[in-house]
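Before any comments, here is the structure.
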Amino acid sequence: MEILVILLILLGLLFLRMPIYISLFLTGFLGLLIFTDLELSFVAQTFVKKLENFSLLAIPFFILLGGIMVHGESADRLIRFAMKLVSWLPGGLAITSVISSAVFGALSGSSISTVVTIGGVMFPHLDRCQYPKKFSIGLVTSSAILGIIVPPSIIMIICALTAGQSVVRLFAAGYLPSLLIVIALCLYTYVVSVQKGLGKSAMERFDPKGLFKTGWHAFLPGLIVVVLFAGIYSGAFTITEASVVSCVMALIIEVCIYRTIKIKDFYRLIVSSGLISGALVITVSGAGVLSEYITIQGIPERILDFSIQYIPNMVVFMIFTNLLLLLVGTFIDPIGAIMILVPILMPISAQFGIDPIHMCLVITVALGIGYITPPLGILLYTASAITQKDFVFVARAIIPTLMVYIVALFVITFIPWLSTAVPNLLFGQV
Amino acid sequence: MEKFSAFLDRIERWGIFSCFTFILTALTLGILTRYIFKRPLSWPDELTTYLFIFMTFLGASASVKDNSELKVNALYERFPEWGFGLDLLLHCVRLAVCIIFIVTGWNFVLVEYDMQTYSPIIRIPVYLIFSMLPFLGLIMGIRTIECLMKLFRKGR
Amino acid sequence: QAKSVSFKFAHFIPPNEPGAQVGVWIEKDLKENAKGVVKCKYFHSKQMGSTIEIVKKVRMGTLQAGFLTGNYAPDLDSKFGIGTLAYCMNSYEKWNSLLKNDALREELFSSLVPKGLRVVDVAYFGIYGLVSTKPIHTLADLKSMKMRTTQARYPVAFWKALGVNPVPLSWGDVFPALKQGVVDGTDQTLNVARLRLADVCKNFTETNHMVGLFFLVVNEKWYQKLDPKARDIIFGSIHRNFEKARAASMKLTQEAPAALKAKGVDVIQLSPEEMDKFKQAEMTVWKEFESEIGKAWLDKVVSFTSGM
Ligand code: NA
Ligand code: NA
């Protein structure tokens, strides 16, 4: 009964278009008010304390890093290098958008900036080489999810922190699954291109000289990637420090070497990153109040007791969880969804003996897919805005790659090794 | 009101800019001293965490006016004719939340003032840190009232 | 029929140590033996947040009681500095006797009354030593190592006095940091070293500089207004179970060296000369904090425990 009332309040607030953090906060607040006899001033403490977490500081810096690289030349240079790398393959140009999304997504925590950046560069090229619009929009838009799945990712930071897991471990867990998705998308592109004879005009010979040249041009932005990962995995930097170091490097490269960013731009970049970060991070505070209510009332345990009667084993649980995540991800931003679902799903998954890092990764990937699930994927709107195509067209265009993602999601779900192998290798078993 | 709103704009944006640049500088300094001079500083981590909270609150308040809060827009897009009602509801609920922030936040500040505790490294009084919440309630409340006035001026 | 008294209390660690298990025992005890008089609920494992958050919730009356760590206690009242000052109250024997001494115990326990709180009992967390990836036999061994510290004034001062520039890390980051070599060690209790760090740290040096403590604090206003019958029941249960928890902690400490050795950890005892060097080095911290803790109070405690 209590759970039903709370769920109704939460869904009601969300669908009446209350900001996500307010929906979460108010649901928690009302829950505490109605169902407990606690004195409520402590919600003030919870709301502020949830932000008192040094790892969260990485979020504005990863947003800023993406901003700097897009505003400057770094993103362009990386894409041009990726283009030379694979453009001699059948469908090479299309494969480039997948690879660039993965590389750029590796640096940017955000999928929207990935689709805007990669799309902005790739769509004109793809059009020129006569790739059907439907095919190219579907591919570029869905590749942008790699921004979430390839570490470092803001969604992963929030997911790990909410689940009480190590952020670095979850990052490490992301590599094989994102590699799997990249391979699957490339394979899909290759097969379709060969079958339908797409992108023949773009086919060029393998060009080692051009490859070397673009590689040399992309050397400095590439260095940021290397420092970022080497720093995190050698333990030289914490996630936050690594995000700061890569921002400083990107700034030095863009301001002093490429001379693309001026003081005036610097002010705008900082302020806009701060604004985006604020609107996003405040969700953590709001969710803190809801999750405090949920733990105080022992709701995960109650749902567990209930669901264990109906869910006979791990496989059914994971199928059910994936469907739930895809559904929720369709309507709600991943951060809000994480805040609502992680405190409930984690204890249940532990009961089924699922590795918490694996669980976090499945959650991240499934919610990431929510970005492109019609009728509400946020990337679909973004893509429709930048390509000037109507939303229904974009929603149809996405279906083949959406299928690729969903198959990949189930593969990742049922082969936990994909997510646990790298972290166990790097940091040992827990 | 217009003037005051522009003033708030400036506070939000310059506040975010100052906090962000300060955090960037302090953390860079922290990393440099640790690797080059082998002397880790303990204050940057703590101070930047509090500035980050402040920056987040300023950003949240600014997102009211910019209409950039994370929301589920399904209903709004499906039924554009409900726009006025939904907006009105949004601002009223947000105003109520701002009042909750001010009231509970203020109560908590009083408790902290009574307890007289300090942050572990830089020894800032803890009540100062928590007074950020009633402050958020205040500026976001003003922003919301501003939006309500604009909404009514525009009418249905 | 009077309304039953609500007794909600919280700890920030899971109940896998006597110092937190005690809450489970009290909850069980009150549920079985005080039906209709006391309605008891125990929150653990961060359900109610960190020790700081828990204490504030007790102060606000959201909770009736909560566990306060020895490390955070000096921030609330400087008298608790005797617990965190290295080589001051650094054995079970000293604490056991202080708890039996009515005057000293009451002076310490009631020091939070002006802040609306009262300490009612103490549980142990264990005896602190140094857990490390490289062996520490002497003070000189320690000086070349990167050690982790908690972000609080006493621990930081403890390391600086030993000539170590400590790396502040939260507990959750310690294991990966040790694994990656970001730090070489930390101070920790024997029992936690056995449970959490034995896989990566193969050395434990018995510096015995501190006893880890959990103080149970209650809301003073609630305590004063409490119906005498309910008070006797609740506090009877608390004192009985805390006594049992302290005994369990002492037993764990006794068994820990053998258990550590079984896990392949080298348990190192300092030679008397080296132990002296550690104690001497910490005298600068004593000087630094003496006036803050209060000279009269510190002297009283030192003379009371001299010879132990
Ligand atoms: Na990423
Ligand atoms: Na979505």
Which condition breaks for A:Met346 when tested against (1) away from ligand 2 (no atom under 11 Å from the Cβ); (2) open to solvent by less than 20 Å² (accessible area, probe 1.4 Å); (3) not charged (D, E, K, R)? (2)
Subset of segment C:169-183 [more than 19 Å from C:Thr207 (Cβ to Cβ), of a type in the set (A, V, I, L, M, F, W, C) and either part of a loop (DSSP other than H, G, I, E, B) or modelled with pLDDT of 85 or more (or both)]: C:Leu169, C:Val182
Do we find that A:Leu51 is out of contact with any Cys (no Cβ under 8 Å at 6 or more places or on another chain), surrounded by fewer than 24 Cβ atoms within 10 Å (Cβ to Cβ) and either among the small types (Gly, Ala, Ser) or outside any helix (DSSP H, G or I) (or both) in this structure? yes
Mind checking which pairs have a first residue in segment C:172-185 that is within 7 Å of another protein chain (Cβ to nearest Cβ) and a second that is open to solvent by 50 Å² or more (accessible area, probe 1.4 Å), Cβ under 7 Å, 6 or more apart or different chains? C:Gln180/A:Ser234
Give me a count of the residues in segment B:96-132 that are more than 10 Å from chain A (Cβ to nearest Cβ), touching a residue at least 40 places away in the same chain (Cβ under 8 Å) and farther than 14 Å from A:Phe25 by Cβ. 4
Out of everything in segment C:29-54 that is touching a Ser or Thr at 6+ places or on another chain (Cβ under 9 Å) and assigned to a helix (DSSP H, G or I), what residue ends up being nearest to the other protein chains (Cβ to nearest Cβ)? C:Glu53
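Search segment A:1-46 for residues being at the interface with chain B (Cβ under 9 Å from one of its Cβ atoms) and either among the hydroxyl-bearing types (Ser, Thr, Tyr) or not in a helix (DSSP H, G or I) (or both), and hand back the single one that is nearest to B:Lys65 (Cα to Cα).
Filtering segment A:1-46 for residues at the interface with chain B (Cβ under 9 Å from one of its Cβ atoms) gives A:13-23, A:25-26, A:29, A:40-45.
Narrowing the set further to residues that are either among the hydroxyl-bearing types (Ser, Thr, Tyr) or not in a helix (DSSP H, G or I) (or both) leaves A:16-19, A:21, A:23, A:40-41.
Working: A:Leu16: 19, A:Arg17: 16, A:Met18: 15, A:Pro19: 13, A:Tyr21: 16, A:Ser23: 18, A:Leu40: 29, A:Ser41: 28 Å.
If we take residues in segment A:1-46 being at the interface with chain B (Cβ under 9 Å from one of its Cβ atoms) and either among the hydroxyl-bearing types (Ser, Thr, Tyr) or not in a helix (DSSP H, G or I) (or both), then A:Pro19 is nearest to B:Lys65 (Cα to Cα).
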Please list, ordered by residue number, the strands (runs of 3 or more DSSP E) wholly in segment C:65-168 having 1 or more residues that are without any contact (Cβ under 8 Å) to a residue 40 or more places away in the chain. C:147-149
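So that you can scan it fast, the table gives a plain yes or no per residue for (1) over 14 Å from A:Ile99 (Cα atoms); (2) among the charged types (D, E, K, R); (3) open to solvent by less than 20 Å² (accessible area, probe 1.4 Å); (4) within 16 Å of ligand 1 (Cβ to nearest atom):
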site	(1), (2), (3), (4)
A:Ala144	no, no, yes, yes
A:Cys159	yes, no, yes, yes
A:Val168	yes, no, no, yes
A:Gly174	yes, no, yes, yes
A:Gly197	yes, no, no, no
A:Arg205	yes, yes, no, no
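Which ones in segment A:375-398 are within 16 Å of ligand 2 (Cβ to nearest atom) and either within 18 Å of A:Ser136 (Cβ to Cβ) or surrounded by 24 or more Cβ atoms within 10 Å (Cβ to Cβ) (or both)? Before you say what the answer is, go through the steps one by one.
Taking segment A:375-398 first, the residues within 16 Å of ligand 2 (Cβ to nearest atom) are A:375-385, A:391, A:394-395, A:398.
Selection gives A:Gly377, A:Leu379, A:Leu380, A:Tyr381, A:Thr382, A:Ala383, A:Ser384, A:Ala385, A:Phe391, A:Val394, A:Ala395, A:Ile398.
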Can you tell me how many residues within segment B:32-45 are more than 7 Å from every other protein chain (Cβ to nearest Cβ) and either open to solvent by less than 60 Å² (accessible area, probe 1.4 Å) or in a loop (DSSP other than H, G, I, E, B) (or both)? 6
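Can you tell which of A:Ala82, A:Ala102 is more than 17 Å from A:Met249 (Cβ to Cβ), away from chain B (no Cβ under 14 Å), within 15 Å of ligand 1 (Cβ to nearest atom) and at pLDDT 80 or above?
Every option except A:Ala102 fails the conditions.
Does A:Tyr371 meet the test of being under 19 Å from A:Leu323 (Cα atoms), assigned to a helix (DSSP H, G or I), within 16 Å of ligand 2 (Cβ to nearest atom) and within 14 Å of another protein chain (Cβ to nearest Cβ)? Explain how you work it out, then say what you get.
Values: under 19 Å from A:Leu323 (Cα atoms): yes; assigned to a helix (DSSP H, G or I): yes; within 16 Å of ligand 2 (Cβ to nearest atom): yes; within 14 Å of another protein chain (Cβ to nearest Cβ): yes.
So A:Tyr371 passes the test.
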Tally, over segment B:103-156, of residues that are over 16 Å from the mean Cα position of the chain (by Cα) and not in a helix (DSSP H, G or I): 12
Can you tell which of A:Val289, A:Val281, A:Val315, A:Val362 is away from ligand 1 (no atom under 16 Å from the Cβ), buried (at least 21 other Cβ atoms within 10 Å of the Cβ) and more than 14 Å from chain B (Cβ to nearest Cβ)? A:Val362
Looking at segment B:109-119, is at least one residue modelled with pLDDT of 95 or more, closer than 24 Å to C:Leu76 by Cα, open to solvent by less than 20 Å² (accessible area, probe 1.4 Å) and not small (Gly, Ala, Ser)? yes
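Kindly indicate which of B:Leu70, B:Leu89, B:Leu58, B:Leu29 is within 7 Å of chain A (Cβ to nearest Cβ) and surrounded by fewer than 18 Cβ atoms within 10 Å (Cβ to Cβ).
Exactly one of B:Leu70, B:Leu89, B:Leu58, B:Leu29 is within 7 Å of chain A (Cβ to nearest Cβ) and surrounded by fewer than 18 Cβ atoms within 10 Å (Cβ to Cβ), namely B:Leu89.
Residue-wise test of (1) over 12 Å from the mean Cα position of the chain (by Cα); (2) among the basic types (Lys, Arg); (3) modelled with pLDDT of 90 or more; (4) within 13 Å of ligand 1 (Cβ to nearest atom).
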position: A:His125; (1), (2), (3), (4): yes, no, no, no
position: A:Tyr131; (1), (2), (3), (4): yes, no, no, no
position: A:Gly147; (1), (2), (3), (4): no, no, no, yes
position: A:Phe171; (1), (2), (3), (4): no, no, yes, yes
position: A:Ser178; (1), (2), (3), (4): no, no, yes, yes
position: A:Ile183; (1), (2), (3), (4): yes, no, yes, no
position: A:Cys186; (1), (2), (3), (4): yes, no, yes, no
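Out of everything in segment A:254-277 that is open to solvent by less than 30 Å² (accessible area, probe 1.4 Å) and free of Cβ contacts under 8 Å to residues at least 24 places away in the same chain, what residue ends up being nearest to A:Ile335 (Cα to Cα)? If you could, list the steps in order and put the result at the bottom.
Restricting attention to segment A:254-277, the residues satisfying the condition of being open to solvent by less than 30 Å² (accessible area, probe 1.4 Å) are A:254, A:261, A:265, A:269-271, A:273-275, A:277.
Checking the rest, the ones that are also free of Cβ contacts under 8 Å to residues at least 24 places away in the same chain come to A:271, A:275.
Values: A:Val271: 22, A:Leu275: 16 Å.
The qualifying residue nearest to A:Ile335 (Cα to Cα) is A:Leu275.
Those residues that are modelled with pLDDT of 90 or more and either surrounded by fewer than 22 Cβ atoms within 10 Å (Cβ to Cβ) or at positive phi (or both), I need them from segment A:30-47; list them, please.
Applying the first criterion (modelled with pLDDT of 90 or more) to segment A:30-47 yields A:30-35, A:42-47.
Scanning segment A:30-47 gives A:Leu30, A:Leu33, A:Ile34, A:Phe35.
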Just wondering, is there one or more residues in segment A:105-119 that are in contact (Cβ under 8 Å) with a residue 40 or more places away in the chain, open to solvent by 20 Å² or more (accessible area, probe 1.4 Å), more than 13 Å from ligand 1 (Cβ to nearest atom) and not charged (D, E, K, R)? yes
Just to be sure before I move on: is A:Ser243 surrounded by 18 or more Cβ atoms within 10 Å (Cβ to Cβ), in a helix (DSSP H, G or I) and within 14 Å of another protein chain (Cβ to nearest Cβ) in the structure I sent? yes
Look through segment A:376-430, keep the residues that are within 18 Å of A:Val150 (Cβ to Cβ) and hydroxyl-bearing (Ser, Thr, Tyr), and return whichever of them is nearest to the other protein chains (Cβ to nearest Cβ). A:Thr420
Among A:Ile335, A:Ile340, the single one that is within 16 Å of ligand 2 (Cβ to nearest atom), closer than 24 Å to A:Gly31 by Cβ, open to solvent by 10 Å² or more (accessible area, probe 1.4 Å) and within 14 Å of chain B (Cβ to nearest Cβ) is A:Ile340
Which one is farthest from the other protein chains (Cβ to nearest Cβ) among residues in segment A:47-67 that are of a type outside the set (A, V, I, L, M) and within 16 Å of ligand 1 (Cβ to nearest atom)? A:Gly66
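The values are calculated or read from the model by the stated rules, or taken from the named source; none is laboratory data. Keep in mind that this is a model prediction, so the values were computed, not measured. Please note: Cβ atoms are built from the backbone with ideal geometry, for glycine as well, and neighbour counts cover all protein chains shown. Please note that ligands, DNA and RNA were not included when accessible areas were found on the heavy atoms of the full protein model with its side chains. Shrake-Rupley method; radii C 1.70, N 1.55, O 1.52, S 1.80 Å.
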